[in-house]
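Trainee: Encoded as structure tokens, here's the structure I'll be asking about.
Quick note: the coordinates plus some simple rules give every number you see, no bench work behind them. Everything numeric in this text was worked out from a predicted model, so none of it was measured. Here Cβ is always computed from backbone atoms with ideal geometry, including for glycine, and neighbour counts include all displayed protein chains.
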């Protein structure tokens with residue numbers, strides 16, 4: 001068995017994993033299965049990508065793409081949970097973060113953020129065990145749980161979200 005960054009204890013297996021995220025192959029496989037299940041069942045889970053990326057930050061200090069991934073996906077979670085950005089505006093917000101916010105803040109790249117020590121009980125392998133009737137609710141709770149794990153630490157994420165939202169986004173949806 002292998003312990004993944006997200007806290008999941010998964011089988012040790014060979015197989016593909018993300019190009020720069022720190023997910024174990026079995027966790028990456030479970031995430032793919034979760035995506036397929038959500039799509040097949042028509043479950044609306046607009047934060048699942050942000051949640052999974054934010055819960056797998058392990059390579060961020062050494063990997064530039066991972067620093068950006070963690071920063072962008074966390075900022076999306078923050079914009080939704082702390083500032084009320086509606087689901088309908090998340091794709092545009094996510095897409096504009098690096099190109100708009102980094103220059104506005106005078107940054108050339110995203111900093112590495114120190115990950116939380118504990119995530120809570122939800123992760124992609126665990127969510128696969130839930131019945132279809134609970135998937136929408138549990139994936140949303142997963143997103144909230146991951147944001148709360150990061151939120152209790154001192155990070156610039158809330159400042160980033162607030163900076164972009166104050167000038168570029170209408171929170172009414």
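Trainee: Tell me, Kirkwood radius of region 21-117 from alpha-carbon pair distances, in Å?
Mentor: 14.4 Å
Trainee: Taking Cα centroids, how far is region 97-173 from region 21-95 in Å?
Mentor: Region 97-173 and region 21-95 have Cα centres spaced 8 Å from each other.
Trainee: Quick check: pseudo-label points 7 Å beyond the Cα along Cα→Cβ at residue 2 and residue 117, how many nm apart are they?
Mentor: 2.6 nm
Trainee: Right, next: Give the peptides 87-97, 22-32, 4-14 in descending order of average Cβ contacts within 10 Å, highest first.
Mentor: Highest-to-lowest ranking by the protection proxy: 22-32, 4-14, 87-97.
Trainee: Separation between the residue 100 and residue 152 pseudo-spin-labels, each 7 Å from Cα along Cα→Cβ, expressed in nm?
Mentor: Between residue 100 and residue 152, the simple spin-label model gives 3.2 nm.
Trainee: Percent relative contact order of the chain, based on C-alpha pairs within less than 8 angstrom and at least six residues apart?
Mentor: Reported as a whole number, the value is 27 percent.
Trainee: So between residue 35 and residue 20, what do we pick up on full extension, going 0.36 nm a residue minus the alpha carbon distance?
Mentor: Separation in residues times 0.36 nm, less the Cα-Cα distance, equals 3.5 nm.
Trainee: Measure nothing fancy, just the Cα-based angle from helix 132-151's long axis to the longest principal axis of the chain, in degrees from 0 to 90, nearest 10.
Mentor: Roughly 50 degrees, rounded to the nearest 10.
Trainee: Per residue of the chain, what 222 nm ellipticity follows from adding -39500 (n - 2.57) for every DSSP H run with n ≥ 4, rounded to the nearest 500?
Mentor: Helices in the chain give a 222 nm mean residue ellipticity of -15500 deg cm²/dmol.
Trainee: Evaluate the Kirkwood expression for the hydrodynamic radius of region 2-168, namely the inverse of the mean inverse distance over all pairs of different C-alpha atoms, and round to one decimal in Å.
Mentor: Final number for the Kirkwood radius of region 2-168 is 16.2 Å.
Trainee: Something else now. For each of 110, 150, count neighbouring Cβ atoms within 10 Å of the residue's Cβ, then give the residues from fewest to most.
Mentor: 150, 110
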